[in-house]
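The values are calculated or read from the model by the stated rules, or taken from the named source; none is laboratory data. Note that the structure is predicted; figures quoted are calculated from it, not measured. No Cβ is skipped: glycine too gets one built from the backbone with ideal geometry, and neighbour counts run over all protein chains shown.
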Amino acid sequence: MTTQRPTTPSIAAHPAWGVTAALLGLTAVALGAIAAHAIAEAQAAQALERASLYQLIHALAILYATGLPGKAALLARSLLLIGIVLFCGSIELKYLFSMAQATAVAPTGGVALMLGWLMLGVSALTRRASKV
């Protein structure tokens, strides 16, 4: 008697999301290095370091969610990407390119990040419910 193993979703199923997460991670590390070594103003350096940390953490969350099936996981990835662009991106624009008004969208980005995490939880619950 042979039993079939359930298929595990992989990043190979969503290569564009994997590449996106990798690029976000790469740019987060680069931004952290810029903040640590090329930004003289302490407040700007601290803000950029925090933005790079948030970007890196959420890039990893996107990478994780890339291996998950379903609409909730897709929505989680999308919300996390939107959140990174709006939250982290607005901080980066403010301090790297002197665009003070850019951070007006940061709260929307923060909400998108929180909703992304919520959708990761929903994805976990729906996967669990389908296995029971």
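For beta carbons closer than 8 Å, sequence separation of 6+ or different chains, a first residue in region 34-48 that is on the phi > 0 side of the Ramachandran plot and in contact (Cβ under 8 Å) with a residue 24 or more places away in the chain and a second that is surrounded by fewer than 17 Cβ atoms within 10 Å (Cβ to Cβ) and among the β-branched types (Val, Ile, Thr), there are no qualifying pairs.
The rows are residues; the columns are (1) surrounded by fewer than 16 Cβ atoms within 10 Å (Cβ to Cβ); (2) under 15 Å from the mean Cα position of the chain (by Cα).
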position: 23; (1), (2): yes, yes
position: 27; (1), (2): no, yes
position: 41; (1), (2): yes, no
position: 47; (1), (2): no, no
position: 52; (1), (2): no, yes
position: 63; (1), (2): no, yes
position: 86; (1), (2): no, yes
position: 99; (1), (2): yes, no
position: 103; (1), (2): no, no
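Of all the criteria given as (1) in contact with a Gly (Cβ under 9 Å, 6 or more places away or on another chain); (2) modelled with pLDDT of 95 or more; (3) within 18 Å of residue 21 (Cβ to Cβ), the one not satisfied by residue 74 is (1). For residue 95, are the conditions met, namely being modelled with pLDDT of 95 or more, in a helix (DSSP H, G or I), within 29 Å of residue 14 (Cα to Cα) and of a type in the set (Phe, Trp, Tyr)? In short, no. When restricted to residues that are buried (at least 24 other Cβ atoms within 10 Å of the Cβ) and more than 10 Å from the chain's Cα centre (by Cα), region 67-83 contains 1.
For region 65-86, the set of residues classified as without any contact (Cβ under 8 Å) to a residue 40 or more places away in the chain and over 14 Å from residue 113 (Cβ atoms) consists of 71, 74, listed by residue number.
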